[in-house]
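Each value in this text was obtained by applying a stated rule to the coordinates, not by laboratory testing. Not measured: the values here are computed from a predicted model. Every residue, glycine among them, receives a Cβ derived from its backbone with ideal geometry; neighbour counts consider all protein chains shown.
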Amino acid sequence: MPELKRLHADHAPAVLAFEVANRAYFATSIPDRGDDFFDRFAERYEASLAEQDDGVCAFYVLVAEDGSVLGRFNLYDVEDGTARLGYRVAEQVAGRGVATAAVRELCRTAPATHGLRTLRAATSHDNAASRKVLTKAGFVPVGPAAPADLGGTSGTWYQRDLQP
């Protein structure tokens, strides 16, 4: 059974393998991270861990029994009880409820773990799978997302109020 775990330094090789293996798949629904992301992965990973240590963000990985990463679930801009949610799952588990289950788990634990009362997430109009995940996890549309919010494409902001 996959387990949602807080990101730590030991996850780096598995996270990189996940990103490399799924790069083409991700690019079908979200903007590609570009070669620079992979060329500077170690530096960016360390910066993410530092942001997490500072409490600005909280990063999670969905880890399979064999230690491989099946998904990433990130809370960005944690401030005043609110954070932005971002996530991506491996092609091999897409469409199986894995993302929905992990987002629901974050919604259950985020109030106690991070003091959050509200989560927001933006998804493009073309990303039906992400819209489905958010809706199933209890998020509701709250307004338009500008292209700057979504790497150049327009979409919708969703929000979920969390219970303590």
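With the cut-off at 1.5 for a/c, could you classify the stretch 72-164 from its C-alpha gyration tensor as rounded, prolate or oblate?
Here the stretch 72-164 falls in the oblate category.
List, in order, the whole-Hz ³J(HN,Hα) value for each residue of the stretch 130-135 obtained from phi through the Karplus relation with A = 6.51, B = -1.76, C = 1.60 and θ = phi - 60°; use x for Gly and Pro.
Values, residue by residue: 5, 4, 5, 4, 4, 5 Hz.
When the Karplus curve 6.51 cos²θ - 1.76 cosθ + 1.60 is applied with θ = phi - 60°, which whole-Hz ³J(HN,Hα) does each residue of the stretch 78-94 get, with x for Gly and Pro?
5, 6, 6, x, 10, 8, 8, 9, x, 7, 7, 10, 5, 4, 5, 10, 4
At 7 Å along the Cα-to-beta-carbon direction for both Ala24 and Ala64, put a label point, then send me their distance in nm to one decimal.
1.8
Say each of Leu16 and Glu43 gets a label point 7 Å from the Cα, pointing the same way as Cα to Cβ; how far apart are those two points in nm?
The two pseudo-label positions are separated by 1.4 nm.
Give a residue-ordered list of calculated ³J(HN,Hα) values for the stretch 53-69 (Karplus: 6.51 cos²θ - 1.76 cosθ + 1.60, θ = phi - 60°; whole Hz; x for Gly, Pro).
Rounded to whole hertz, the list is 4, 7, x, 7, 9, 9, 10, 10, 10, 9, 10, 6, 4, 7, x, 6, 8.
Which residues' amide hydrogens lie under 5 Å from the amide hydrogen of Leu4, considering only partners 5 or more residues apart or on another chain, with H built in the peptide plane?
Those lying under 5 Å, H to H, from Leu4 are Val63.
Using a Förster distance of 22 angstrom, determine the FRET efficiency expected from the C-beta separation of Lys136 and Arg6, and round it to 0.05. Don't skip to the end; give the middle numbers.
On the way: r = 24 Å, r/R0 = 1.07.
After rounding to 0.05, the efficiency reads 0.40.
Classify the stretch 1-43 from the C-alpha gyration tensor, please: rounded if a/c falls under 1.5, else prolate or oblate depending on whether a/b exceeds b/c.
Since a/c reaches 1.5 but b/c is at least a/b, the shape of the stretch 1-43 is classed as oblate.
In deg cm²/dmol, rounded to 500, what helix-only [θ] at 222 nm does the chain give when every DSSP H run of at least 4 residues adds -39500 (n - 2.57) and the total is split over its residues? Present the calculation step by step, with values, prior to reporting the outcome.
Values: 5 runs with 59 residues, N = 164.
Rounded to the nearest 500, it is -11000 deg cm²/dmol.
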